[in-house]
Structure formats: C-alpha cells, structure tokens
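Asker: Have a look at this one before I ask anything.
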Amino acid sequence: MGMFDTVIVEGLKLKAPKEVTDILKANNAELPTEFQTKDLDNILGTYKINAKGDIFREERKPTGKKISYELPFLSWKDNRSWLERVYWKIKYKENKKDKIKLVDETKPVFVRVKLTNTFTMLAVEQICGRNLVLDYEVKAIDGKVKSTKLLEWSLESEKDAQKRHLDDEEFTLQIDRSIAKHRALKSQWYYPILKETYNPFIFFFRITVQAICNALVRWSYRWTGV
C-alpha cells in the first residue's frame, strides 16, 4: 500500500448496512475503529476522531529531558566476512562509541487540527477468518466531521478465505524450509571457508561491476543531446 496515515475512530458512529451489522453481531464483533487513508499527509501519521467529530493529529512534544538512544541493529550479530567488515568500517568509519548517544525525549500528544478535506479511509477486519473490507468517505470542515458515507464493502467468500489460508501456510512452510536449509549449510565444516572466500569474492565483484557501470554512465552523459 505504500505510505499512508492511520485514522482512529473513537466514539463516532459509522453507518453500515444491515448485512454488515448482522455479520458482526453473529460473530460477536464490532465495526473496526482503526482505518488507513492515503488522502492526508501520507507520512505514517496518526489521526483521531472523537465522538463529537473533532479531528486530532498526533505530534511529538519535547519533554525537556535527554534519553539514551541505541542505534538500530546494534544487537544484531555481524556474520559478514572479515574483509567485508573491514571495508564497511573504513568506508563509513564505524565507531562503537557512536552507536549509543543522548537525544531529546519526546511524548505523543494529540492536537486539534483545522482540517478541511474529503478523504476515504479503509479497514480490513478478520471475521471468522474471512476478510471484511469497509471503505468510508469522510467530509471534514475546519477540523470537524460533517458527514460519513460507506462507499463500498465486501466480505471474502469461504472458498477464497480457505485458499488464502492455504497459500499463507505454504508460504510459511517455504520460508521455514529455506531457513532450515541455510542453518544446515552453516553447520557444515566448510561453511567458514566459504564465508571468508566465496562471499567476499561475490561482494567485491559486484562493487567493481557497479563502479564500472557508474563510470560508463557518467562518461556517456557527454553525448546527451547529440
């Protein structure tokens, strides 16, 4: 789906056809409260709509405190070959002392926004293993919802749901097999030799080919427009 924003509906009543309410009631479920939209900022932000229809947007407010920040993947075990580790350490000057630093602490707060827009919001809810899709249109003026409309809804058939579950299980099984195969390779006595010879060869060969291709592209620019 790409970048989107999340809209959390708290208390605002959304209309739904009798077919949808009957399905939800029969399965002891309720209308979803979390939707996705691509009609707002598209920065993975979060909006809230309260029971009165007021619209709020989540922002980060500094607390005035400093907290330690640990860079992502710090705890990951580096399984690269010795030559690759040396290459990246020289290229990006990796320094363990720089992996933990102090940053400004922030906390999430919801701020009322003067939003005037007509946007759609989509939710996919699991009902007894079947996907229920709800697509609403929301009209807002000066940060207040004026109307909501159900544009489209659909319920996955039992046959399609069963096929999807089987496909998901097969995909998971393939991933597990791939992981098991890789672990079996790593348990072989010759794996460390391959890691320190074959892997660096492929790695530096790729870098060399990329550098040559980039040089050819830069050289060919002189002929642009001839």
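Asker: What do you get for the angle between helix 158-186 and the principal long axis of the chain? Use alpha-carbon atoms, 0 to 90 degrees, nearest ten.
Answerer: 20
Asker: Would you work out the charge dipole size for the chain about its Cα centre, treating the Cβ of every Lys and Arg as +1 and the Cβ of every Asp and Glu as -1, and quote it to the nearest 20 debye?
Answerer: Charge dipole of the chain: 1320 debye, to the nearest 20.
Asker: Give me Rg/Rg_expected for segment 100-226, where Rg uses Cα atoms only and Rg_expected = 2.2 N^0.38 Å with N residues.
Answerer: 1.97
Asker: Same structure again: Determine the calculated [θ] at 222 nm for the chain from helices alone, applying -39500 (n - 2.57) to every DSSP H run no shorter than 4 residues and normalising by the residue count; nearest 500 deg cm²/dmol.
Answerer: Taken over the chain, the calculation gives -12000 deg cm²/dmol.
Asker: Any chance you could list P(r) for the chain, counting all Cα-Cα pairs in 10 angstrom bins from zero, rounded to whole %?
Answerer: Using 10 Å bins, I get a P(r) of 6, 17, 17, 19, 23, 15, 3, 0 for the chain.
Asker: Between Gln174, Asn28, Leu134, whose Cα lies farthest towards the positive end of the dipole of the chain when Lys and Arg beta carbons carry +1 and Asp and Glu beta carbons carry -1, centred on the Cα centre?
Answerer: Working it through, the farthest residue towards the positive pole turns out to be Gln174.
Asker: How about segment 19-67: which trypsin sites (Lys or Arg not before Pro) there are in a DSSP loop, with at most 13 other Cβ atoms within 10 Å of their Cβ?
Answerer: When the trypsin sites (Lys or Arg not before Pro) of segment 19-67 are filtered for loop state and at most 13 Cβ neighbours within 10 Å, Lys52 remain.
Asker: For segment 105-210, what is the number of Lys pairs with C-alpha distance below 18 angstrom, counting only pairs 8 or more positions apart or on separate chains?
Answerer: So the count works out to 6.
Asker: Hey, what angle do you get for helix 82-92 against the long axis of the chain, alpha-carbon based, 0 to 90 degrees rounded to 10?
Answerer: 70
Asker: Considering only protein heavy atoms, what per residue accessible area in square angstrom results for the chain with a 1.4 angstrom probe?
Answerer: Ligands and nucleic acids excluded, the figure is 75 Å² per residue.
Asker: Suppose every Lys and Arg Cβ carries +1 and every Asp and Glu Cβ carries -1, with no other charges. What dipole size does segment 116-170 come out with about its Cα centre, to the nearest 20 debye?
Answerer: The calculation lands at about 480 debye.
Asker: Something else now. In whole percent, how big is the carbon plus sulfur part of the accessible area of the chain, probe 1.4 Å, protein atoms only?
Answerer: Carbon with sulfur: 57 percent of the solvent-accessible area.
Asker: Now, a different point. Determine the dipole magnitude for segment 171-215: charges of +1 sit on the beta-carbon of Lys and Arg, -1 on that of Asp and Glu, nothing else is charged, the reference point is the Cα centre, and the result goes in debye to the nearest 20.
Answerer: My answer is approximately 120 debye.
The values are calculated or read from the model by the stated rules, or taken from the named source; none is laboratory data. All of these numbers come straight from a predicted model, not from anything done at the bench. Ideal geometry is used to build each Cβ from the backbone, glycine not excepted, and the neighbour counts take in all protein chains shown. Side chains are part of the model used for accessible areas, which takes the heavy atoms of the whole protein and leaves out ligands, DNA and RNA. Shrake-Rupley method; radii C 1.70, N 1.55, O 1.52, S 1.80 Å.
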